[in-house]
Amino acid sequence: MSHLTDLGGGRARLVTGLDGPVADVAAELARLAAGEAPSVAAIAGRCAGPAFQLALACDLRLAAAGASFSAEGVGDVAACARRLARLLGEARAKDVLLTGRTFDAAEALRLGVVTRVVPAARLDDEARAAAELIAARPPLAVRAARRAIARVRDLAPAEALAEEHEHFRRLLRSRDHQAAVAASVARRAPVFTGE
């Protein structure tokens, strides 16, 4: 059963239990999509079907070296196909989805299904550290980066550049930016509020 933990005052989420059954994948996906906090998945064992679909919805996916993956049994094929095509490209997405074959963590890393493979004994610590690192970053900048990454493939280069400039102008006017500049001058760590 998957489990979602908020970190850093809700600025990041850690998703665990993706190597077991997912009772209601639609509800889990809705919970994951709610809010703007990035999510980090920790995948310890076999991640297949609904758990695979849920893992793909996370921003970062860390896998134990012994983890395995399969799209076999995915409930919403269209949503899974969309995510896989964005992550892997069309040819690799077809290979994974149409065959339903099982592949190991090393291949998942090569394909782009996971972002990191770590020793099983370090998985929880590494995933928590990644989520905490995200949670410590300026929340407005993290949200802007997530939005830009999600949209970049759908925009023409000129549109992407215009959106980037808008994000940059908005971030420069934020209290978080002022806090970062003041902290840099004072040689101390900044405190971000998301404003």
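For region 38-69, the tally of residues that are modelled with pLDDT of 95 or more and among the small types (Gly, Ala, Ser) stands at 6. Meeting the requirement of 2 or more residues that are in contact with a Leu (Cβ under 8 Å, 6 or more places away or on another chain) and not charged (D, E, K, R), the strands (runs of 3 or more DSSP E) wholly within region 46-138 are 60-64, 116-118.
Against the list (1) modelled with pLDDT of 90 or more; (2) surrounded by fewer than 21 Cβ atoms within 10 Å (Cβ to Cβ); (3) within 19 Å of the chain's Cα centre (by Cα), the condition residue 144 fails is (1). Applying the set (1) surrounded by 17 or more Cβ atoms within 10 Å (Cβ to Cβ); (2) more than 17 Å from residue 100 (Cβ to Cβ); (3) touching an Asp or Glu at 6+ places or on another chain (Cβ under 9 Å) to residue 17 leaves exactly one unmet item: (3).
State yes or no: is residue 41 buried (at least 19 other Cβ atoms within 10 Å of the Cβ), under 16 Å from residue 87 (Cβ atoms) and touching a Cys at 6+ places or on another chain (Cβ under 6 Å)? So residue 41 fits the description; yes.
Do we have residue 98 as modelled with pLDDT under 95 and either out of contact with any Gly (no Cβ under 8 Å at 6 or more places or on another chain) or farther than 19 Å from residue 41 by Cβ (or both) here? For residue 98, the condition - modelled with pLDDT under 95 and either out of contact with any Gly (no Cβ under 8 Å at 6 or more places or on another chain) or farther than 19 Å from residue 41 by Cβ (or both) - is met.
The values are calculated or read from the model by the stated rules, or taken from the named source; none is laboratory data. Everything numeric in this text was worked out from a predicted model, so none of it was measured. Note that we place each Cβ from the backbone using ideal geometry, even for glycine, and neighbour counts take in every protein chain shown.
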